[in-house]
Amino acid sequence: MDAVDLRQFYYRTPLGRVAKHTLRRALRALWPDLRGQALAGYGFAAPFLRPFDDETARTLCLMPAQQGAFHWPVAAPNRSVLVEERNWPVQPGFFDRIVVAHGLETSERPGALLEEVNRCLAPGGRAIFIVPNRAGLWARRDATPFGHGRPYSVGQLERLLQEHGFEPERHAAALYALPSHRMFWLKLAKLLEATGRRLDAQPLAGVILVETTKLAFAAPRTGVRARSALEVLEGLTAPAPKPANGRAARALARMSRNR
């Protein structure tokens, strides 16, 4: 789905507005205070960033080239930019927080995308990845944006993130309402959402949210023991004589006594 279809869903359909407000609440529960932080949203995160805009030091919307971009926020100076998923036009460590929504599941090279997110996140910074739940109903209906791309389970997503320098801290779930545009189910959306959260029925949720921290140092992936600094510099010093043993040692001892 391109940016036009996504904007149409979240801003023009009742089901999209339900999804927008639900995911905003889920994000706010994970990040209750972002005062003074530099925040970015990648993918189609614009509908979820608006509540944070008044408190952050800066908020930018990075929209992937394969989806397209539009002016954001409405009726204000533009702070959205079209980017290549593997080449964001910012310096390393520029953002304190990053939200990735409708970006990872549709990426052709998710590993390369995660490396770029890692590059642009400050050391110790946090990122939230919002993806379709592999076991949920929303991933099975292409009438919503979460029915497109590659869905994940919590375990699959956490393993992928760990492979690219992120440490999963906690996860949450949202969209327990049925992905239906019928008014009957829309009226039940708040009740179903509250019930799903109370019962912690995450396998039934439409999306999962995983909060991660950027690791300052990543462990080697090959399993090879890391060499110490002394071992690295060992070849630069003069070679030390090997200790004598056996017959040679006895000969050296006799020569020492004769002296």
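The values are calculated or read from the model by the stated rules, or taken from the named source; none is laboratory data. On a predicted model such as this, the values are computed, not experimentally measured, just so you know. Neighbour counts are summed over all protein chains in view; Cβ atoms, including those assigned to glycine, are modelled from backbone coordinates with ideal geometry.
What's the number of the only condition in (1) touching a residue at least 60 places away in the same chain (Cβ under 8 Å); (2) surrounded by 19 or more Cβ atoms within 10 Å (Cβ to Cβ); (3) farther than 15 Å from residue 128 by Cα that residue 72 fails to meet?
Only one criterion is unmet by residue 72, namely (1).
Check whether at least one residue in the stretch 60-67 is more than 17 Å from residue 31 (Cα to Cα) and loosely packed, with under 15 Cβ neighbours inside 10 Å, and report yes or no.
Yes; the residues of the stretch 60-67 include at least one that is more than 17 Å from residue 31 (Cα to Cα) and loosely packed, with under 15 Cβ neighbours inside 10 Å.
All but one of (1) surrounded by 15 or more Cβ atoms within 10 Å (Cβ to Cβ); (2) in contact with a strand residue (DSSP E or B) (Cβ under 6 Å, 6 or more places away or on another chain); (3) touching a residue at least 60 places away in the same chain (Cβ under 8 Å) hold for residue 161; which doesn't?
The one condition residue 161 does not meet is (3).
Those residues that are of a type in the set (D, E, K, R), assigned to a helix (DSSP H, G or I) and over 17 Å from residue 146 (Cα atoms), I need them from the stretch 5-34; list them, please. Break it down stepwise before answering.
We begin by selecting, within the stretch 5-34, every residue of a type in the set (D, E, K, R); these are 5, 7, 12, 17, 20, 24-25, 28, 33.
Subset that is assigned to a helix (DSSP H, G or I): 5, 7, 12, 17, 20, 24-25, 28.
Correct list: 25, 28.
Collect the residues in the stretch 112-133 that are surrounded by fewer than 18 Cβ atoms within 10 Å (Cβ to Cβ) and either closer than 15 Å to residue 213 by Cα or at pLDDT below 95 (or both), keeping them in residue-number order. Even if it seems obvious, please write down each step before you answer.
Here is the first cut: in the stretch 112-133, the ones surrounded by fewer than 18 Cβ atoms within 10 Å (Cβ to Cβ) are 112, 115, 119, 122-124.
Within the stretch 112-133, 115, 119, 122, 123, 124 qualify.
Please identify the pairs in which a residue from the stretch 31-52 that is over 26 Å from residue 9 (Cα atoms) has its Cβ atom under 7 Å from the Cβ atom of a residue that is in a strand (DSSP E or B), counting only partners at least 6 apart or on another chain.
34/97; 37/96; 37/97; 38/58; 38/95; 38/96
Consider residue 38 carefully, then state whether it is modelled with pLDDT of 95 or more, in contact with a helix residue (DSSP H, G or I) (Cβ under 9 Å, 6 or more places away or on another chain) and crowded, with 19+ Cβ neighbours inside 10 Å. Lay out the reasoning, then the answer.
Numbers: modelled with pLDDT of 95 or more: yes; in contact with a helix residue (DSSP H, G or I) (Cβ under 9 Å, 6 or more places away or on another chain): no; crowded, with 19+ Cβ neighbours inside 10 Å: yes.
In short, no.
Determine if the stretch 130-147 includes at least one residue that is in contact with a Lys or Arg (Cβ under 6 Å, 6 or more places away or on another chain) and assigned to a loop (DSSP other than H, G, I, E, B). Break it down into steps so the answer makes sense when it comes.
In the first step, residues of the stretch 130-147 are kept if they are in contact with a Lys or Arg (Cβ under 6 Å, 6 or more places away or on another chain); the result is 147.
Then drop every residue that is not assigned to a loop (DSSP other than H, G, I, E, B), which leaves none.
Checking the stretch 130-147: not a single residue is in contact with a Lys or Arg (Cβ under 6 Å, 6 or more places away or on another chain) and assigned to a loop (DSSP other than H, G, I, E, B).
Hey, among 100, 90, which residue is among the hydrophobic types (A, V, I, L, M, F, W, C), surrounded by 20 or more Cβ atoms within 10 Å (Cβ to Cβ) and either in contact with a Gly (Cβ under 8 Å, 6 or more places away or on another chain) or farther than 20 Å from residue 10 by Cα (or both)?
Details: 90 fails: surrounded by 20 or more Cβ atoms within 10 Å (Cβ to Cβ).
One residue alone meets the criteria, 100.
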